[in-house]
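Trainee: Below you will find the structure I want to go over with you.
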Amino acid sequence: MLRSMRYGEADRIIHAISPEHGRVGGVARGARRPKSKLGGRLEPLAVVRLELIRGRSDLHTVVGADTVAVHHRILTSHAALTHAQRACHVVDRTAAPDEPAERVHGLLRTLLALLDARPDAAHEGLQLAFRLKLLYALGVPPALGACVRCGRTEHLVAFDAAAGGVVCASCQAGAPGVDADALRFMVQALGAPLSEAPSIDDRPARQVARAFEGVAAHHLGVDLRPRDD
Amino acid sequence: MQPAPIERLVAAFSRLPGVGPRTAQRLTYHVLSRPDEDARALATALIEVKELIGECRICFNLAEGERCVICEDPRRDPTLLCVVETPADVLPVERTHEYRGRYHVLGGALSPVDGVGPRDLRLEELYRRVLEGDPDDPARGSGPLVDDGTTSSGGPTVTEVVVATNPTTSGEATALHIGAELRERSPQVRVSRLASGLPVGADLEHADEVTLGRAFAGRRTI
């Protein structure tokens with residue numbers, strides 16, 4: 001479950017990611033009533049088996065839900081909850097409807113299980129590593145090994161989101177710069193499991209986040225910049 | 001095609017939540033079929049509610065005037081604060097007749113992905129109330145808390161904050177945030193959260209596993 005919004009008097013609109021059907025949306029009638037069997041099962045972060053009746057629009061009708069996993073412990077840490085919500089939000093915005101999304105689904109489940117097992121382990125490096133891996137899962141991996149314009153492997157100083165990867169000083173043009181720390185983080189994060197995501201300082205973290213947002217904007221058509229920017 | 005005033009009223013009704021074009025049409029014909037004074041009473045009530053009702057400057061509940069009826073009521077326990085998301089949440093808590101303290105309406109719940117952060121809610125006002133008591137309250141305490149639950153100036157101050165945000169992900173996030181902040185700013189204040197569990201009258205066999213799981217986690221000794 002990615003998102004749940006109030007709808008009408010007692011209903012909810014839900015967004016979920018499914019390995020077979022990608023992002024799905026549904027209306028759960030009466031889900032906000034205390035005696036609803038659906039309400040408790042349709043909260044974000046839960047893993048559920050959904051039963052839907054296909055509607056004429058993108059929104060289907062939720063007629064049943066069985067809980068597979070509830071990440072109770074995430075709710076005990078504000079940091080873990082915020083990271084989990086951010087991850088769900090990014091998946092909700094980037095995953096396509098009606099397309100299999102097995103890798104995206106698996107990646108998000110891994111992150112949620114990790115945060116649930118160790119809520120105190122939530123850190124920005126984990127969030128950014130998740131986002132970089134998400135680009136891979138969505139089929140738009142950032143190219144980090146060599147300049148995407150000339151192929152040089154040294155003096156890589158910037159990230160050209162439109163070209164999809166790092167560029168060297170002579171090809172930089174207007175591309176925003178990335179420090180060696182940011183570049184090192186991206187390489188390490190993509191090469192390691194989520195549970196071993198490296199930590200990162202504020203400045204390189206902002207650069208990595210900007211690179212991710214740039215790829216999402218150019219290649220997925222999604223604006224993920226923070227609203228207060 | 002209908003006369004323009006009818007079209008305007010249908011359009012106005014259609015903007016109300018849960019009212020579609022057909023219901024709007026039915027309501028319009030109902031208004032037309034009623035005596036003039038009924039229509040005037042409805043129009044007056046609509047105008048009055050917008051002109052006379054505002055926010056209580058202490059708890060941010062709906063109020064006619066500067067303070068709501070609950071903040072005005074001297075019988076309400078000023079040492080007990082119940083934190084809710086919206087003014088609509090005050091009513092169901094009042095209907096329980098279990099709670100005799102005061103309220104604090106946050107104006108929503110934290111949702112970082114929707115751009116709702118701590119500064120968008122009445123959280124600072126809450127922490128100030130807990131620390132300093134209610135402004136203009138004759139029984140208001142001021143200064144640091146001393147051992148007997150009063151402030152150094154002798155007035156009562158908040159001793160417990162009941163967080164009654166919704167049992168949703170955003171509601172839980174808000175409750176966690178409030179708990180963490182109050183532990184730091186006012187460690188002497190007890191912060192509690194409403195229990196989650198089975199609705200009275202429901203069968204265990206039909207309970208969903210998430211609610212039942214929480215009911216187990218929050219079980220109490222009898």
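Trainee: By accessible area of protein heavy atoms, probe 1.4 Å, what ranking do A:Met5, B:Met1 get, highest first?
Mentor: Descending accessible area places them as B:Met1, A:Met5.
Trainee: Report the antiparallel proportion of the DSSP beta bridges in the stretch B:26-145 as a percent, rounded to a multiple of 5.
Mentor: Antiparallel: roughly 45 percent of the beta bridges in the stretch B:26-145.
Trainee: How much accessible surface area, in Å² rounded to 10, belongs to the heavy atoms of A:Val48 with a 1.4 Å probe?
Mentor: 30 Å²
Trainee: Testing the spin-label approximation: label points 7 Å from Cα along Cα→Cβ at B:Ala180 and B:Ala11. State their distance in nm.
Mentor: Between B:Ala180 and B:Ala11, the label points sit 4.8 nm apart.
Trainee: What does the net charge come to around B:Ala215 if you take all other residues with beta carbon closer than 13 Å to its beta carbon, with K and R at +1 and D and E at -1?
Mentor: Every neighbour counted, the sum reads +1.
Trainee: Accessible area, 1.4 Å probe, largest first: how do A:Arg225, A:Arg32 sort?
Mentor: In descending accessible area the options line up as A:Arg225, A:Arg32.
Trainee: Given the alpha-carbon gyration tensor of the stretch B:155-222, what are the semi-axes of its equivalent ellipsoid in whole angstrom, ordered largest first, with each equal to the square root of 5 times an eigenvalue?
Mentor: 29, 14, 10
Trainee: Same structure again: Highest GNM mean-square fluctuation, chain A, Cα pairs closer than 10 Å: which of A:Pro193, A:Pro176, A:Pro34?
Mentor: Greatest mean-square fluctuation among the candidates belongs to A:Pro34.
Trainee: Same structure, new question: In square angstrom, rounded to the nearest 10, how much accessible surface does B:Ile6 have for a 1.4 Å probe?
Mentor: That residue has around 30 Å² of solvent-accessible surface.
Trainee: Compute the FRET efficiency between A:Arg6 and A:Ala180 as 1/(1 + (r/R0)^6), taking r as their Cβ-Cβ distance and R0 = 60 Å, and round to the nearest 0.05.
Mentor: Computed FRET efficiency for A:Arg6 and A:Ala180: 0.80.
The values are calculated or read from the model by the stated rules, or taken from the named source; none is laboratory data. On a predicted model such as this, the values are computed, not experimentally measured, just so you know. A quick note on method: Cβ atoms are made from the backbone with ideal geometry, for glycine too, and the neighbour counts reach across all protein chains shown. All accessible areas refer to the heavy atoms of the entire protein, side chains included, with ligands and DNA or RNA removed. Shrake-Rupley method; radii C 1.70, N 1.55, O 1.52, S 1.80 Å.
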